[in-house]
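Have a look at the structure below, then the notes.
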Amino acid sequence: MKPKLLVLELWGLGDLVIASRFLQAASDHFEVTLLAKPFGRELQPRLWPGVHIVPLVAPWTAFRAKYRLAHWPWRQLCSVTRQLRQQAFDYGVSARWDPRDHLWLRLIGAKERIGFPRLGSHRWLTRPLARPEPEAHRYEYWRSLAQALGLKLPKRPEMPQRKAPPTPCILVHSGAGQSVRVWPLDRFYQVVVRLRNRGWHVQVACDPPQADWWHQAGETTAVAPRTVAQLFELIDRATLFIGNDSGPGHLAAICGVPTFTLFGPQLPEWFAPLHPAARWIEGKPCPFKPCFDYCRWPEPVCLTTISVDQVWRGLEPWLAQVGSAT
């Protein structure tokens, strides 16, 4: 029988997608259980079918009021902890330097607990690991965990690619999980117009609250996917992806689609999508960056100061490179 491995990744869609190569490799050698947000169940059939999902929205992953302890779902947290403890995991891992993850691995009772300690959390780990270099991509943490478990993951430039669909199509996605990551919609529209004037077929996708804006702008074919499955359908028809620093961009990259990303509050060296042809543009420097989406200004100047012309100057060489290869 395979040894039992518990993996904790409790945060956003992009974070979970970045863990995909680790989960794929681990499921070949371990019986893997993943504790993740409910959308993990939508990703599972396509990205890591051999992984068992335990869905949970951890209260400390909320964007606001995360530490109103009286409102935490304590009964559910205790129930999940008991359920996982009964599994008698041989290994438990977290790629975050988060003491909450490490304490939870200890409470669950995983025999060997591997992670990156912080604020004294080494006491809850049986095998604390040294963190990668400060500028390292989040994927490097999963590579370090893989190495600790005797697994080998590809380096970022060696990520597998797919054969592009026969009809070239650029998927432009204007949404993001937090508003401070959203480049102004009127500028996205101008980019779409320029792309079409250059002969590109463009499909616009957006978050549901943005749909009315796009339709009023005349983009009647804009779609607002509400599920991961609907996102997969759009990505499967795309040859290229343009969008904000968001989960859909990471999903496109892991499916083999080259991405161009507009970065605001986060750092591309940490969170660039995992495709060898991924490119990006950053906005105005900010002394608080990375602010992890808690912007100190009335608007995210790191993103709103990026002009259409700046984006186009970045897009043109990227389109010439990856467009000719599709």
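Bear in mind that the values in this text are calculations on the coordinates, not laboratory data. Since we're looking at a predicted model, the values are computed, not measured. With ideal geometry, Cβ positions are generated from the backbone for all residues, glycine too; neighbour counts draw on all protein chains shown.
Rounded to 0.05, the FRET efficiency of the ARG226 and HIS29 pair, given R0 = 45 Å and the Cβ-Cβ distance, is 0.80. Measuring between their Cα centroids, the range 122-173 and the range 1-69 lie 15 Å from each other.
Residue exposure proxy: ILE170, ILE281, ordered by other Cβ atoms within 10 angstrom of their Cβ from fewest to most, comes out as ILE281, ILE170.
As a proxy for reagent exposure, SER179, SER94, SER121 were ordered by neighbouring Cβ count within 10 angstrom, fewest first; the result is SER179, SER121, SER94.
Could you grab the relative contact order for the range 33-75? Cα pairs under 8 Å, six or more apart, rounded to a whole percent. All intermediate terms of the calculation are to be shown ahead of the outcome.
On the way: 38 pairs, mean separation 15.9, N = 43.
Averaging sequence separation for qualifying contacts and normalising by length gives 37 percent for the range 33-75.
Residues whose amide H lies under 5 Å from that of HIS201, counting only those 5 or more places away or on a different chain, are ILE170; hydrogens are built 1.01 Å from N in the peptide plane. Starting from the Cα-Cα distance between GLN86 and GLN310, subtract it from 0.36 nm times their residue separation and give me the gain in nm to one decimal. Gain on stretching GLN86 to GLN310: 75.2 nm.
Over the chain, what is the mean sequence separation of C-alpha contacts under 8 Å (at least six apart), divided by residue count, expressed as relative contact order in percent?
Working: 582 pairs, mean separation 48.2, N = 326.
So the answer I get is 15 percent.
Would you check the chain for Lys pairs whose C-alpha atoms are within less than 18 Å, ignoring same-chain pairs closer than 8 in sequence, and give me the count? Could the numbers behind the result be given before it?
Numbers: LYS2/LYS111; LYS2/LYS152; LYS4/LYS111; LYS37/LYS66.
Pairs that pass both the separation and distance tests number 4.
In this calculation the C-beta distance from GLU299 to THR167 is compared with R0 = 41 Å, giving a FRET efficiency of 0.60. For the range 170-323, the mean projected area of the C-alpha convex hull, equal to one quarter of the hull surface, is 8.5 nm². Farthest toward the positive end of the dipole of the range 4-153, out of ALA25, GLN76, PRO128, is the Cα of GLN76, where the dipole comes from beta carbon charges about the Cα centre. Each Cα pair under 8 Å and six or more residues apart adds its separation to the average, and for the range 170-323 the resulting relative contact order is 24 percent. To the nearest 0.05, how large is the calculated FRET efficiency for ARG127 and ASP212 if R₀ is 41 Å and r is the Cβ-Cβ distance? Step by step, r from the Cβ atoms, then E = 0.20.
What does the C-alpha gyration tensor say about the overall shape of the range 4-153? Classify as rounded when a/c is under 1.5, otherwise prolate if a/b is larger than b/c, or oblate. Before the final figure, lay out the partial values.
Numbers: a/c = 1.30, a/b = 1.18, b/c = 1.11.
Rounded is the answer for the range 4-153, as its axis ratio a/c remains below 1.5.
Could you list LYS152, LYS289 so that the one with the fewest beta carbons within 10 Å of its beta carbon is first and the one with the most is last?
Exposure proxy ranking, most exposed first: LYS152, LYS289.
Highest mean first, the peptides 265-277, 240-252 sorted by other C-beta atoms within 10 Å per residue fall in the order 240-252, 265-277. Under the simplified labelling scheme, the LYS284-ARG198 pair shows an inter-label distance of 2.6 nm, with each label point 7 Å from Cα along Cα→Cβ.
How do the peptides 72-80, 47-55, 313-321 rank, highest first, by the average count of neighbouring beta carbon atoms within 10 Å per residue?
Details: 72-80: 12.8, 47-55: 16.8, 313-321: 15.0.
My ranking of the peptides, most packed first, is 47-55, 313-321, 72-80.
Using the average count of surrounding beta-carbon atoms within 10 Å as a protection proxy, the listed peptides 98-109, 157-168, 128-139, 9-20 rank, highest first, as 9-20, 98-109, 128-139, 157-168. Secondary-structure-derived ellipticity at 222 nm for the chain, considering helices only, amounts to -10000 deg cm²/dmol, per-run term -39500 (n - 2.57) for DSSP H runs with n ≥ 4.
The C-alpha atoms of the chain define a longest principal axis, and helix 308-323 lies at about 80 degrees to it.
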